[in-house]
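The structure appears below as structure tokens.
What follows draws every value from the coordinates through simple rules; no lab data is involved. Quick caveat: nothing in here was measured; it's all calculated off a predicted structure. FYI the Cβ positions are ideal-geometry reconstructions off the backbone, even for glycines, and counts take in every protein chain you see.
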Amino acid sequence: MKKRMMFVAGLALVLAGCQTQDEGSNSSASSASINTEATPSNSTNTNSSTNEETAATGEDLPLNDTQYGRGAASDGADTNEDEEATRILTADSKSIIIYFSRSGNTENLARMIHNENHADVLELSVENPYPADYEEAVERANEERENQDYPEIITDIPDFGQYDRVYLGYQTWSMTLSHPITSFLMDHGEEFGGKTIYPFSTNAGYGEGDTLERIGELAPSAIIAESFEIQDEDLLANQDQVIAWVADSES
């Protein structure tokens, strides 16, 4: 983990935007790994499946079954116990979706966006995934915040030069950015100068907190566009709102 010297409000942490795949259910969940690139790249995700299945570029990504709000468990591998982190990179896309999802609601939102605009996709992975148990994950995140010691991102980060639009996905933790996104922006926020960031997030009903301000601080030369935030339990029933937001962002 990397030592991070920054101030974060000491509110009680809420790990919002969490889900898990229901065991034994295959109605909408998929165990297929999505890893498509225009050029070869070495994966740094240590949780990748040995049975990798590659999706064709432009193919819709499946949505997963979910749990919602406080107390939601995860797979203990930040959505990647049964599949490799989603990575779709092409040579000519002008838009990229970058996100972290502890257990899946934010991933579902990211996939809805991709299924509308077919932007490139980069799912972020941390060196040590968050625990499956909600309370244990909260305890770890509280310690990270108190010590300002944020998780290492192990994802192979591409060159962002070709992109004009960056869709940035996260959860609201303690009314601010989830720690993996904070870590990512501290390392790469300066690379988004002149680009437009479209923030999207899930939460347990408390809204997006100060996340837009934090993005602006960590990516000071980027343009921060209108965000999309939604309570996790409302996501699947309101895909029309996602579609409308994506259409506005691409217009």
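Given the Cα-Cα distance of SER227 and HIS188 and 0.36 nm per residue of separation, how much length would full extension add, in nm?
Full-extension gain reported as 12.1 nm.
Fewest first, what order do LYS195, LYS94 take by the number of other Cβ atoms within 10 Å?
Lowest to highest Cβ neighbour count: LYS94, LYS195.
Go through segment 228-237 residue by residue and turn each phi into a ³J(HN,Hα) via Karplus (6.51, -1.76, 1.60, θ = phi - 60°); whole Hz please, and just put x for glycine and proline.
Per residue, the Karplus-derived 3J(HN,Hα) values read 10, 9, 8, 5, 4, 6, 9, 4, 5, 7 Hz.
Mind listing the long-range amide H neighbours of GLU229? Cut-off is under 5 Å, sequence gap 5 or more, other chains count too, H placed in the peptide plane at 1.01 Å from N.
SER201
With a Förster radius of 30 Å, plug the Cβ-Cβ distance of LYS94 and ASN142 into 1/(1 + (r/R0)^6) and report the FRET value to the nearest 0.05.
It comes out at approximately 0.15.
Wrap a convex hull around the Cα atoms of segment 56-193, take a quarter of its surface area, and give that in square nanometres.
It is 8.3 nm².
Can you compute 3J(HN,Hα) from phi for each residue in segment 181-191, using the Karplus curve 6.51 cos²θ - 1.76 cosθ + 1.60 with θ = phi - 60°, rounded to whole Hz and x for Gly and Pro?
5, 4, 4, 4, 5, 5, 8, 10, x, 5, 6
Please list, in chain and number order, the residues 5+ apart from THR86 or on another chain whose amide H is under 5 Å from its amide H, with Hs placed from the backbone.
Here GLU123 satisfy the definition.
Sequence-distant or interchain residues sharing an amide H contact under 5 Å with ASP149, placed H: which?
ARG4
Within segment 183-251, report the GluC sites (Glu not before Pro) that DSSP leaves as loop and that have at most 16 other Cβ atoms within 10 Å.
GLU226
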